[in-house]
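Participant: Handing you this structure, nothing more for now.
None of the figures in this text is laboratory data; all of them are computed from the coordinates on show. These numbers come from a predicted model, not from an experiment.
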């Protein structure tokens, strides 16, 4: 079967998909570089490792809701003992606290503290400032269009990922 740049009326061109693929790869690499992490932390005035930030953000995105260590481990993609060690460090720093699970006395719930929320807020503030610099020369219409398309794309991506988890 011959692959063309347009497979049907509703399919995007392969050239556009190629550009999207390269753009996403470049963006992912830029945002996940250790230097980017170090720069954001330096601008935020914080000293915290990447794994800790990931856990704090997962708790933050839960609306500061409590999570079991096993759930955090599953989301982060590491084993529970590794998360337990990281939680102990975060607890010593005052960023998280442990609560007993009222539904299962054997389980412990992890909750973001006010100090932990301050760390997350500071990182988000610095990240927003970086985004402002990146789009400083964009018009409001360009930014609104990009934001809408990015939102639409991430919704499709989330649906795709979640459907693959169900299989």
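Participant: If you line up the long axis of helix 114-134 against the longest principal axis of the chain, both from Cα atoms, how many degrees apart are they, to the nearest 10?
Facilitator: Helix 114-134 sits roughly 20 degrees off the main axis of the chain.
Participant: Okay, moving on. Can you tell me which of 70, 151, 84 moves the most in a GNM of the chain? Springs connect C-alpha atoms under 10 Å apart.
Facilitator: 151
Participant: With N set to the number of residues, divide the alpha-carbon radius of gyration of the stretch 10-105 by 2.2 N^0.38 Å and report two decimals.
Facilitator: Cα-based Rg divided by the globular estimate yields 1.44.
Participant: In whole percent, what relative contact order does the stretch 1-113 give with Cα contacts below 8 Å and a gap of six or more residues?
Facilitator: 19
Participant: Follow-up. If you average the C-alpha positions of the stretch 36-99 and of the stretch 113-163 separately, how far apart do those two centres end up, in angstrom?
Facilitator: A separation of 20 Å, based on Cα centres.
Participant: Using alpha carbon coordinates only, what is the Rg to Rh ratio of the stretch 50-143, with Rh defined as the Kirkwood radius?
Facilitator: Rg/Rh for the stretch 50-143 comes to 1.12.
Participant: A further question on this structure: Only one of the listed values, (i) 18.5; (ii) 16.3; (iii) 19.0, was derived from the coordinates as Kirkwood radius over Cα pairs in Å; which label is it?
Facilitator: Read-out taken from this structure: (iii).
Participant: Using only Cα atoms, tell me the angle between helix 14-32 and the longest principal axis of the chain; keep it within 0 to 90° and round to the nearest 10.
Facilitator: Tilt of helix 14-32: around 30 degrees.
Participant: Per residue of the chain, what 222 nm ellipticity follows from adding -39500 (n - 2.57) for every DSSP H run with n ≥ 4, rounded to the nearest 500?
Facilitator: Here the helix-only value at 222 nm equals -22000 deg cm²/dmol.
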